[in-house]
Amino acid sequence: MSEPEPGRMIEADPDRQPEPGTKDSGTKDTGRKDTGRKDPARKPDPGSKDPARKQRAGRAWNDDDGAPPEAIVAIPLRHPWRNVVAVLLIIGLAVFVLDAAQRPDYGWADVGKYIFDRRISQAAWVTLWLTIYAMIGAIVIGLLLAIMRLSPNPVLKSIAWLYIWIFRGTPVYVQLVFWGIVALIYPVFTLGIPFMDPWVTIPNEVFTNLFITAVIGLALNEAAYMSEIVRAGLLSVDEGQAEASTALAMSWGQTMRYVVVPQAMKIIIPPTGNEVISMLKTTSLVAAIPLSVDLYGVSRGISAVTFTPVPLLIVASLWYLLFTSVLMVGQHFIEKRFSRGTGRAKTGKGSTTAGAAPAAVPGAPGVPGGPLGNDFGGKG
């Protein structure tokens, strides 16, 4: 058995009994004197010298008698003003509800009478179909405008910018009034060379249908907003995603379908849901065409006969609230569907990651044989 090298420190075994003839219970006497140097790896007892320090460190270190550490009592912060404001708001809401329930001007009896009236329910379906058709047209036209805005062709980009500038810069009510009189401005559509007899003459039967006119007017206005929403979603995807798809020999259509669009939908869906809800309420402006078979138009017509405007306004508002509530629930689930895999991992108590630790990669930083820098290139 070889003797220990001179000058090397041997770790002491706490369970080892001192041998006779030795000066230390854990190390052999090598004949060298203690130089008074302390072992830097040995941690001193935080309470060995200072009693006050020992008392402060009692929560992290057990006492000599083995008593458990003291439990930390967490006292939550108090917010008295927050509670006062909440109580005042609840009292104010209760006072308003009680006062409205007792006022005869609201006409709650008429509200219950007309809430499920056949004319109101049919008008509600007309409003719903107006919203659906207008949003489908707006999404299609908005997608084309967004592609034109992102096109390198300056002509297409300028035309798309001009369209968005006009339809976003003018009120939707004014636009609907204009589309309502298009049939008077253009009674027929002609095709041919200017200052010569037209080749084809088509009667203007499209804009004579008020429902189709309302759908066109709402869709063209909403397309200007949808184009910016789609463009923002497409620009939010990093260009490296498309470059990587091209390197994998994917076509432009495959890249948009499987790589760009799924990532952009997380940005597109929330504002699109807001636009759908806004479109549902904007249908009340089709009276400018004039179209009076929608929910607001029918309720206004009934109130003009019965002289009860407030109850019929409440009836229309309740139907709008019903549709918007259903749309909000659908928007929530659609957002949840397209947001899968993007949430942050939840960490448990005392753990740094939710899953198991990743396996060591040979040649990676921090692994024996790996580079010394912070990345795989070895540059630190």
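Every number in this text was worked out from the coordinates using simple rules, so none of it is lab data. Keep in mind it's a predicted model, so treat the numbers as computed, not measured. As a convention, Cβ positions derive from the backbone with ideal geometry for all residues, glycine included, and neighbour counts pool all protein chains shown.
Would you please name the trypsin sites (Lys or Arg not before Pro) within region 68-134 that are DSSP coil residues with at most 11 other C-beta atoms within 10 Å of their C-beta?
ARG78
As a length-normalised measure over Cα pairs under 8 Å and 6 or more apart, the relative contact order of region 244-332 settles at 27 percent. Label zone (SER339, point 7 Å along Cα-to-C-beta; backbone nitrogen cut-off 12 Å) within region 260-279: 266-267, 269-271.
Model label sites at TRP252 and SER325, defined 7 Å from Cα along the beta-carbon direction, differ in position by 4.7 nm.
Consider a paramagnetic label point 7 Å from the Cα of LEU89 along Cα→Cβ; state which residues of region 267-288 have an amide N under 20 Å from it. Nothing falls inside the zone, counting backbone N under 20 Å. Amide hydrogen proximity for PHE189: with H placed 1.01 Å from N in the peptide plane, the residues at 5 or more positions away or on another chain lying under 5 Å are ILE202, ASN204. Shown here for region 124-190: trypsin sites (Lys or Arg not before Pro) in loop regions (DSSP other than H, G, I, E, B) with at most 10 other Cβ atoms within 10 Å, of which there are none. Our estimate of slack between LEU150 and PHE96, defined as 0.36 nm per intervening residue step minus the Cα-Cα distance, is 14.3 nm.
Mean sequence separation of contacting Cα pairs (under 8 Å, at least six apart), scaled by the length of region 80-233, corresponds to a relative contact order of 32 percent. Between ILE202 and LEU77, the simple label model (points 7 Å from Cα in the Cβ direction) yields a spacing of 6.6 nm.
When you restrict to C-alpha pairs under 8 Å that are six or more residues apart and normalise by the size of region 135-205, the relative contact order lands at 16 percent. Please say if region 106-238 is rounded, prolate or oblate, where rounded means a/c under 1.5 for a ≥ b ≥ c the square roots of the C-alpha gyration tensor eigenvalues, and otherwise the choice is prolate for a/b larger than b/c and oblate otherwise? Oblate shape, in that a/c is at least 1.5 and b/c is the bigger or equal ratio. The Stokes-Einstein estimate for region 164-284, based on a Kirkwood radius over Cα pairs and taken at 4 °C with 1.567 mPa s viscosity, is a diffusion coefficient of 73 µm²/s. With a cut-off of 13 Å between beta carbons, the residues surrounding ILE267 carry a summed charge of -1, where Lys and Arg count +1 and Asp and Glu -1.
Take the Cα of PHE211, step 7 Å toward its Cβ, do the same at LYS157, and the gap between the two points is 4.3 nm.
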